[in-house]
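Chemist: Sending over a structure as structure tokens; questions will come in a sec.
The values are calculated or read from the model by the stated rules, or taken from the named source; none is laboratory data. Because the structure is predicted, anything quoted here is derived from the model rather than measured. Using ideal geometry, Cβ is built from the backbone for each residue, glycine included, and neighbour counts are taken over all protein chains shown. Ligands, DNA and RNA are excluded from the accessible area calculation, which covers all protein heavy atoms including side chains. Shrake-Rupley method; radii C 1.70, N 1.55, O 1.52, S 1.80 Å.
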Amino acid sequence: EIDSIALTKGQKLAAAGAVLLTAQTGTLFYWTYSAFDWNLVEPITYLLGYSVVWLTILLYFTTGRDFTYEELMHMATERARMDMYSRRGLDMDAYRRVHLEVAELTIAIDRLREVNEKAL
């Protein structure tokens, strides 16, 4: 139940991003062809694009993840899931320990599988 709610929150965030990009495109189009001139709007588009580049670099250095749709959805869903877990009283330290142990066991099983395949 919590996972589906968290996924829905991530999808809502993605939809909000699409609406924001559409509004930006519409606003820049209106400014360029109706209200102002390209000579005024061009520096704004340059600064918007350059800002996204710097925010992407900042995201990568703070999280170690790429700026892709899949990664952003995963981060938003995971954050919403962890918030809901903590609000419902789940011991987050125990959850992280078990999650880490599962990851370590998965790696160990993969190594054993490789050794077994080489032995055969």
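Chemist: Once ligands and nucleic acids are excluded and a 1.4 Å probe is used, how much of residue 71 is accessible, expressed in Å² to the nearest 10?
Modeler: 60 Å²
Chemist: Mind putting a number on the dipole of the stretch 15-84 about its Cα centre? Charges go on the C-beta only, +1 for Lys and Arg and -1 for Asp and Glu, and I need it in Debye to the nearest 20.
Modeler: Values: 3 positive and 7 negative charges, 27 e Å.
The calculation lands at about 120 debye.
Chemist: For the chain, give the magnitude of the charge dipole about the Cα centre (Cβ charges: +1 Lys/Arg, -1 Asp/Glu; no others), in debye to the nearest 20.
Modeler: 260 debye
Chemist: Could you give the nm distance between label points at residue 54 and residue 90, where each point is 7 Å from its Cα heading toward the beta carbon?
Modeler: Each label point lies 7 Å from its Cα, and together they span 3.7 nm.
Chemist: Further question: Skip the ligands, DNA and RNA, and give the accessible area per residue of the chain with a 1.4 Å probe, whole Å². Write out the running numbers ahead of the final one.
Modeler: Numbers: 9780 Å² over 120 residues.
Dividing the accessible area of the chain by its residue count gives 81 Å².
Chemist: For the full complex of protein chains and a 1.4 angstrom probe, list 46, 60 by accessible area with the highest value first.
Modeler: The most accessible residue leads, giving 46, 60.
Chemist: For all pairs of alpha-carbon atoms in the stretch 8-62, what percent lies in each bin of width 10 Å, listed from the first bin to the last filled one?
Modeler: Over the stretch 8-62, the share of Cα pairs per 10 Å bin runs 21, 37, 31, 11, 0 percent.
Chemist: For the chain, give the percent of accessible area contributed by carbon and sulfur heavy atoms, probe 1.4 Å, rounded to a whole number.
Modeler: 63 percent
Chemist: Let me ask another. For the stretch 42-120, place one equal point scatterer on every Cα, skip the solvent, and apply the Debye formula. What is log10 of I(q)/I(0) at q = 0.18, 0.26 Å⁻¹?
Modeler: -0.94, -1.13
Chemist: Just from its helices, what would the mean residue ellipticity at 222 nm be for the chain, if runs of 4 or more DSSP H residues each count -39500 (n - 2.57) and the sum is divided by every residue, rounded to the nearest 500 deg cm²/dmol?
Modeler: It comes out at -30000 deg cm²/dmol, rounded to the nearest 500.
Chemist: Sorted by accessible area (1.4 Å probe), largest first, how do 22, 77, 63 line up?
Modeler: 22, 63, 77
Chemist: Just for the Cα atoms in the stretch 1-96, what are the lengths along the principal axes, largest first, rounded to whole Å?
Modeler: The Cα atoms of the stretch 1-96 stretch 58, 27, 19 Å along their principal axes.
Chemist: Next question, about the same structure. To the nearest 10 square angstrom, how much accessible area does residue 30 have with a 1.4 angstrom probe?
Modeler: Approximately 120 Å² of residue 30 is accessible to the 1.4 Å probe.
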